[in-house]
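A.B. asks: Starting off with a structure, shown below.
The values are calculated or read from the model by the stated rules, or taken from the named source; none is laboratory data. Small disclaimer: the values here were computed from a predicted structure and weren't measured. Cβ atoms come from the backbone with ideal geometry, glycine included; neighbour counts cover every protein chain shown. Just the protein is used for accessible areas: all its heavy atoms, side chains included, with ligands, DNA and RNA removed. Shrake-Rupley method; radii C 1.70, N 1.55, O 1.52, S 1.80 Å.
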Amino acid sequence: GPSTRLDQVEPALLQIVCAHMWESLPADVAVITERDVRRYGDAGTALATYCGLVIAAVAADHDMPATQLRAWLVRTFVTEMGTRGTAYEGLSDTAGVPNTVPRALEDRHLLTATRDSGATWYRLLDDRLIEPLQHATDIRPPPVEPAEYLQAAGRALALGEFVLARRYAKDALHALPD
(Lines give C-alpha, C1' and ligand atoms only; values in the text may rest on other atoms or scores of the structure.)
Protein backbone atom coordinates (compact mmCIF):
# COMPACT_ATOMS: atom_id res chain seq x y z
CA GLY A 1 0.00 0.00 0.00
CA PRO A 2 0.99 3.68 -0.02
CA SER A 3 3.60 4.51 2.60
CA THR A 4 2.53 6.64 5.54
CA ARG A 5 4.53 9.42 7.19
CA LEU A 6 5.59 7.03 9.97
CA ASP A 7 7.42 4.86 7.45
CA GLN A 8 9.86 7.67 6.76
CA VAL A 9 12.88 8.37 8.93
CA GLU A 10 14.51 11.79 9.10
CA PRO A 11 18.15 11.16 7.98
CA ALA A 12 19.57 13.46 10.69
CA LEU A 13 17.79 11.47 13.42
CA LEU A 14 18.96 8.15 11.99
CA GLN A 15 22.52 9.48 12.01
CA ILE A 16 22.18 10.63 15.65
CA VAL A 17 20.84 7.24 16.80
CA CYS A 18 23.51 5.29 14.87
CA ALA A 19 26.33 7.52 16.15
CA HIS A 20 25.08 7.05 19.73
CA MET A 21 24.97 3.27 19.28
CA TRP A 22 28.46 3.25 17.74
CA GLU A 23 29.86 5.24 20.68
CA SER A 24 28.08 2.96 23.19
CA LEU A 25 29.39 -0.33 21.76
CA PRO A 26 32.24 -2.02 23.65
CA ALA A 27 35.60 -1.56 21.89
CA ASP A 28 36.00 -5.29 21.21
CA VAL A 29 32.78 -5.64 19.14
CA ALA A 30 33.68 -6.63 15.58
CA VAL A 31 30.20 -7.58 14.32
CA ILE A 32 27.05 -5.76 15.43
CA THR A 33 24.30 -8.25 16.27
CA GLU A 34 20.55 -7.75 16.75
CA ARG A 35 21.20 -8.12 20.48
CA ASP A 36 23.73 -5.25 20.32
CA VAL A 37 21.18 -3.08 18.52
CA ARG A 38 18.60 -3.81 21.24
CA ARG A 39 21.12 -3.20 24.01
CA TYR A 40 22.93 -0.12 22.69
CA GLY A 41 20.63 1.27 20.01
CA ASP A 42 17.83 2.78 22.11
CA ALA A 43 16.57 5.65 19.96
CA GLY A 44 14.83 7.44 22.84
CA THR A 45 18.02 7.59 24.90
CA ALA A 46 20.10 8.65 21.90
CA LEU A 47 17.69 11.44 20.94
CA ALA A 48 17.27 12.67 24.54
CA THR A 49 21.08 12.82 24.89
CA TYR A 50 21.34 14.68 21.58
CA CYS A 51 18.59 17.13 22.59
CA GLY A 52 20.44 17.78 25.86
CA LEU A 53 23.74 18.43 24.06
CA VAL A 54 22.19 20.76 21.48
CA ILE A 55 20.25 22.69 24.12
CA ALA A 56 23.37 23.05 26.28
CA ALA A 57 25.48 24.32 23.39
CA VAL A 58 22.89 26.75 21.98
CA ALA A 59 22.02 28.04 25.48
CA ALA A 60 25.72 28.65 26.23
CA ASP A 61 26.15 30.50 22.91
CA HIS A 62 23.21 32.77 23.76
CA ASP A 63 23.99 33.37 27.47
CA MET A 64 20.87 31.65 28.72
CA PRO A 65 20.38 28.74 31.13
CA ALA A 66 19.85 25.37 29.42
CA THR A 67 16.77 24.77 31.60
CA GLN A 68 15.24 28.00 30.27
CA LEU A 69 15.92 27.05 26.64
CA ARG A 70 14.51 23.54 27.09
CA ALA A 71 11.39 24.94 28.79
CA TRP A 72 10.96 27.40 25.87
CA LEU A 73 11.28 24.56 23.33
CA VAL A 74 8.67 22.40 25.08
CA ARG A 75 6.30 25.35 25.70
CA THR A 76 6.64 26.63 22.12
CA PHE A 77 6.84 23.46 20.05
CA VAL A 78 4.86 20.80 21.95
CA THR A 79 1.09 21.38 22.04
CA GLU A 80 -1.23 20.40 24.91
CA MET A 81 -2.23 17.45 22.73
CA GLY A 82 1.42 16.27 22.62
CA THR A 83 1.85 17.12 18.94
CA ARG A 84 4.29 19.46 17.17
CA GLY A 85 3.45 23.14 17.42
CA THR A 86 4.74 25.97 15.24
CA ALA A 87 6.18 29.39 15.97
CA TYR A 88 6.43 32.40 13.66
CA GLU A 89 9.73 34.24 13.23
CA GLY A 90 9.11 37.94 13.89
CA LEU A 91 11.42 40.83 13.01
CA SER A 92 13.75 40.25 15.96
CA ASP A 93 12.36 37.36 17.98
CA THR A 94 10.51 34.05 17.74
CA ALA A 95 8.07 33.38 20.59
CA GLY A 96 10.11 35.55 22.94
CA VAL A 97 13.70 34.51 22.13
CA PRO A 98 16.09 36.21 19.66
CA ASN A 99 15.83 34.81 16.11
CA THR A 100 19.44 33.59 16.37
CA VAL A 101 18.23 30.90 18.81
CA PRO A 102 15.79 29.04 16.52
CA ARG A 103 18.21 29.51 13.61
CA ALA A 104 20.95 27.78 15.64
CA LEU A 105 18.50 25.02 16.59
CA GLU A 106 17.64 24.59 12.91
CA ASP A 107 21.35 24.32 12.04
CA ARG A 108 21.66 21.54 14.63
CA HIS A 109 18.61 19.61 13.37
CA LEU A 110 16.34 20.16 16.37
CA LEU A 111 14.02 22.53 14.51
CA THR A 112 13.00 22.80 10.87
CA ALA A 113 11.89 25.98 9.14
CA THR A 114 9.23 26.50 6.51
CA ARG A 115 9.72 29.66 4.50
CA ASP A 116 6.71 30.87 2.55
CA SER A 117 6.00 34.33 1.05
CA GLY A 118 8.72 35.92 3.19
CA ALA A 119 7.41 34.39 6.44
CA THR A 120 9.34 31.80 8.43
CA TRP A 121 7.66 29.21 10.67
CA TYR A 122 9.63 26.86 12.93
CA ARG A 123 8.67 23.48 14.35
CA LEU A 124 10.46 20.42 15.72
CA LEU A 125 12.28 18.47 13.00
CA ASP A 126 10.21 15.35 13.64
CA ASP A 127 7.40 14.03 15.88
CA ARG A 128 9.95 11.57 17.28
CA LEU A 129 11.70 14.47 19.07
CA ILE A 130 8.71 15.36 21.28
CA GLU A 131 9.27 12.77 23.98
CA PRO A 132 13.12 12.92 24.01
CA LEU A 133 12.88 16.72 24.27
CA GLN A 134 10.60 16.43 27.29
CA HIS A 135 13.04 13.97 28.91
CA ALA A 136 16.32 15.61 27.89
CA THR A 137 18.71 16.13 30.77
CA ASP A 138 20.54 19.39 31.25
CA ILE A 139 24.24 18.81 30.60
CA ARG A 140 27.35 20.88 30.07
CA PRO A 141 28.13 21.57 26.42
CA PRO A 142 31.21 19.80 25.06
CA PRO A 143 34.23 21.99 24.21
CA VAL A 144 33.88 23.54 20.77
CA GLU A 145 36.58 23.45 18.10
CA PRO A 146 37.81 26.85 16.82
CA ALA A 147 36.63 25.96 13.30
CA GLU A 148 33.05 25.48 14.58
CA TYR A 149 33.12 28.96 16.14
CA LEU A 150 34.46 30.43 12.87
CA GLN A 151 31.69 28.71 10.89
CA ALA A 152 29.09 30.08 13.34
CA ALA A 153 30.67 33.56 13.08
CA GLY A 154 30.43 33.42 9.28
CA ARG A 155 26.77 32.43 9.40
CA ALA A 156 25.94 35.14 11.97
CA LEU A 157 27.77 37.70 9.80
CA ALA A 158 25.83 36.62 6.71
CA LEU A 159 22.57 37.10 8.66
CA GLY A 160 23.64 40.58 9.78
CA GLU A 161 23.94 39.44 13.42
CA PHE A 162 27.13 41.45 14.02
CA VAL A 163 27.21 41.21 17.83
CA LEU A 164 26.87 37.42 17.73
CA ALA A 165 29.42 37.16 14.88
CA ARG A 166 31.95 39.15 16.93
CA ARG A 167 31.34 36.95 19.96
CA TYR A 168 31.85 33.74 17.93
CA ALA A 169 35.07 35.18 16.45
CA LYS A 170 36.33 35.95 19.99
CA ASP A 171 35.33 32.45 21.12
CA ALA A 172 37.31 31.00 18.18
CA LEU A 173 40.42 32.88 19.34
CA HIS A 174 39.96 31.71 22.95
CA ALA A 175 39.48 28.10 21.81
CA LEU A 176 42.82 28.06 19.97
CA PRO A 177 45.66 26.22 21.73
CA ASP A 178 48.35 28.54 23.10
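A.B. asks: Counting only residues 5 or more places away or on other chains, whose amide H sits under 5 Å from the amide H of T94 once H atoms are built in the peptide plane?
C.D. replies: So T94 has HN proximity to N99.
A.B. asks: Can you tell me which of 89-100, 63-74 comes out highest on packing, and rank the rest after it, using the mean Cβ neighbours within 10 Å?
C.D. replies: Highest to lowest by the protection proxy: 63-74, 89-100.
A.B. asks: Solvent-accessible area per residue for the chain at a 1.4 Å probe radius, Å²?
C.D. replies: Counting only protein heavy atoms, the per-residue value for the chain is 62 Å².
A.B. asks: Nothing charged except the Cβ atoms of Lys and Arg (+1) and of Asp and Glu (-1): what's the magnitude of the dipole of the chain about its Cα centre? Round to the nearest 20 debye.
C.D. replies: 240
A.B. asks: Taking amide hydrogens as modeled 1.01 Å from N in the peptide plane, which residues meet the under 5 Å criterion relative to L111, leaving out close sequence neighbours?
C.D. replies: E106, L125
A.B. asks: Can you sort Y50, Y88 by 1.4 Å-probe accessible area, starting with the largest?
C.D. replies: On the way: Y50 50, Y88 115 Å².
Largest to smallest exposure gives the sequence Y88, Y50.
A.B. asks: What percentage of the solvent-accessible surface of the chain, computed with a 1.4 Å probe over protein heavy atoms, is contributed by carbon and sulfur atoms? Provide the component values of the computation, followed by the final result.
C.D. replies: Numbers: 6180 of 11100 Å².
About 56 percent, which is the carbon plus sulfur part of the accessible surface.
A.B. asks: Still on this structure, please answer the following. Just to verify a number: FRET efficiency for E106 and D28, C-beta to C-beta distance, R0 = 45 Å, to 0.05?
C.D. replies: Computed FRET efficiency for E106 and D28 comes out at 0.70.
A.B. asks: Another one. 222 nm [θ] for the chain, helices only, -39500 (n - 2.57) per DSSP H run of 4+, per residue, to 500?
C.D. replies: Calculated at 222 nm, the ellipticity per residue is -16000 deg cm²/dmol.
A.B. asks: Note the listed values (1) 10.8; (2) 13.9; (3) 12.6, then indicate which one is mean projected area of the Cα convex hull in nm² calculated from this particular structure.
C.D. replies: Read-out from the structure maps to (2).
A.B. asks: Can you work out ³J(HN,Hα) from phi for every residue in region 72-81, in order, using Karplus 6.51 cos²θ - 1.76 cosθ + 1.60 and θ = phi - 60°, giving whole Hz and x for Gly and Pro?
C.D. replies: 5, 4, 5, 4, 7, 10, 10, 6, 4, 7
A.B. asks: To continue, here is another question. How charged is the neighbourhood of D36? Take every other residue with its Cβ under 14 Å from the Cβ of D36, and add Lys/Arg as +1 and Asp/Glu as -1.
C.D. replies: Overall, the nearby charge balance is -1.
A.B. asks: Using each residue's phi in region 106-117, evaluate 6.51 cos²θ - 1.76 cosθ + 1.60 at θ = phi - 60° and report the 3J(HN,Hα) Karplus result to the nearest Hz, with x for Gly and Pro.
C.D. replies: 5, 4, 9, 6, 9, 10, 10, 10, 10, 10, 9, 6
A.B. asks: Another question, then. What does a probe at M64 reach in region 90-114, counting residues whose amide N is under 18 Å from the point 7 Å along Cα→Cβ?
C.D. replies: 90-113
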